[in-house]
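Enquirer: Let me give you the structure first, and then I'll get to my questions.
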Amino acid sequence: MRTYTGKVTLGGAPDVRELAGLVISKASVGPMDNNTYLLRCRRTGEQLLIDAANDAGTILGMVGGSLGRIVTTHQHYDHWQALGEVKQETGARTTAHHLDAEGIPVPTDDPVSDGDTVSVGEVNLSVIHLVGHTPGSIALLYDDPSGHPHLFTGDCLFPGGVGNTFGDKDNFAKLIDDVESKLFARLPDETWVYPGHGADTTLGHERPNLAEWRSRGW
């Protein structure tokens with residue numbers, strides 16, 4: 001079995017991680033090199049997609065069969081370009097935070113808030129609301145009972161820093177406060193981070209840099 005690295009290229013094959021209860025497939029799509037993640041419950045075969053960002057054909061090929069739910073991490077256009085087509089083809093229900101739902105042109109069937117749970121088969125994902133990149137950005141946490149936590153952060157946390165707050169100092173303060181208090185303060189260093197663009201990281205790798213990020217203001 002090939003070792004998962006989290007390194008994917010636009011137009012390339014997905015990288016697949018096999019956990020005891022969950023299979024995670026990661027692919028890169030669209031001109032903005034967005035990551036899209038397909039989660040499959042090993043016990044039931046049910047599937048959930050995080051960010052139908054672009055390239056519906058690529059996403060549907062990765063899905064391969066039935067799809068129960070599509071979660072959109074936030075309202076920015078590069079994270080929902082394929083949402084309408086993938087929903088139409090699969091009949092999947094759509095989920096987003098209620099504060100960002102109006103900014104997503106495909107209606108949100110099941111709006112969520114901080115602390116809610118989203119399920120895929122027998123696997124539960126916790127919704128973590130992170131303010132600053134957008135009003136309703138969310139991360140999804142799978143606290144693997146057979147291993148370390150897995151955290152899908154959208155555009156709120158990347159290798160090397162928090163998400164873009166477009167020069168708004170208040171939004172930056174909100175975002176880094178939320179990232180520190182809701183992610184770094186609660187979760188262990190081995191937590192694996194799956195961001196909305198680019199390579200994966202861990203909280204342990206990023207933790208020593210928090211003070212530097214805060215001081216630089218981005």
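The values are calculated or read from the model by the stated rules, or taken from the named source; none is laboratory data. On a predicted model such as this, the values are computed, not experimentally measured, just so you know. All Cβ positions, glycine included, derive from the backbone under ideal geometry; neighbour counts span all protein chains shown.
Enquirer: What number of residues within the stretch 150-186 satisfy the criterion of being crowded, with 19+ Cβ neighbours inside 10 Å, within 18 Å of the chain's Cα centre (by Cα) and not small (Gly, Ala, Ser)? Write out each step before concluding.
Expert: In the first step, residues of the stretch 150-186 are kept if they are crowded, with 19+ Cβ neighbours inside 10 Å; the result is 150-158, 162-163, 165, 172, 175-176, 178-179, 183.
Checking the rest, the ones that are also within 18 Å of the chain's Cα centre (by Cα) come to 150-158, 162-163, 165, 175-176, 178-179, 183.
Still in the list and also not small (Gly, Ala, Ser): 150-153, 155-158, 162, 165, 175-176, 178-179, 183.
Number of matching residues: 15.
Enquirer: Shifting gears a bit: Working carefully through the options VAL179, VAL127, VAL131, VAL86, find the one that is modelled with pLDDT of 95 or more, within 22 Å of GLU212 (Cα to Cα), aliphatic (A, V, I, L, M) and not in a loop (DSSP other than H, G, I, E, B).
Expert: Exactly one of VAL179, VAL127, VAL131, VAL86 is modelled with pLDDT of 95 or more, within 22 Å of GLU212 (Cα to Cα), aliphatic (A, V, I, L, M) and not in a loop (DSSP other than H, G, I, E, B), namely VAL179.
Enquirer: One residue is enough: does the stretch 85-107 have a residue meeting the conditions in contact with a Lys or Arg (Cβ under 7 Å, 6 or more places away or on another chain), surrounded by fewer than 20 Cβ atoms within 10 Å (Cβ to Cβ) and among the small types (Gly, Ala, Ser)?
Expert: no
Enquirer: Kindly indicate whether PRO208 is part of a loop (DSSP other than H, G, I, E, B) and over 14 Å from the mean Cα position of the chain (by Cα).
Expert: Working: part of a loop (DSSP other than H, G, I, E, B): no; over 14 Å from the mean Cα position of the chain (by Cα): yes.
Taking the combined requirement at face value, the residue does not satisfy it.
Enquirer: What residue, among those in the stretch 1-18 that are among the aliphatic types (A, V, I, L, M) and surrounded by fewer than 19 Cβ atoms within 10 Å (Cβ to Cβ), is farthest from THR58 (Cα to Cα)?
Expert: Within the stretch 1-18, the subset among the aliphatic types (A, V, I, L, M) is 1, 8, 10, 13, 16.
Checking the rest, the ones that are also surrounded by fewer than 19 Cβ atoms within 10 Å (Cβ to Cβ) come to 1, 10, 13, 16.
Details: MET1: 23, LEU10: 10, ALA13: 10, VAL16: 15 Å.
If we take residues in the stretch 1-18 being among the aliphatic types (A, V, I, L, M) and surrounded by fewer than 19 Cβ atoms within 10 Å (Cβ to Cβ), then MET1 is farthest from THR58 (Cα to Cα).
Enquirer: If you check every pair at least six apart or on different chains, which have Cβ atoms under 8 Å apart with a residue in the stretch 139-154 that is hydroxyl-bearing (Ser, Thr, Tyr) first and a residue that is part of a loop (DSSP other than H, G, I, E, B) second?
Expert: Final answer for the pair search is SER146/LEU19; SER146/ALA20; SER146/GLY21; THR153/THR73; THR153/LEU130; THR153/GLY196.
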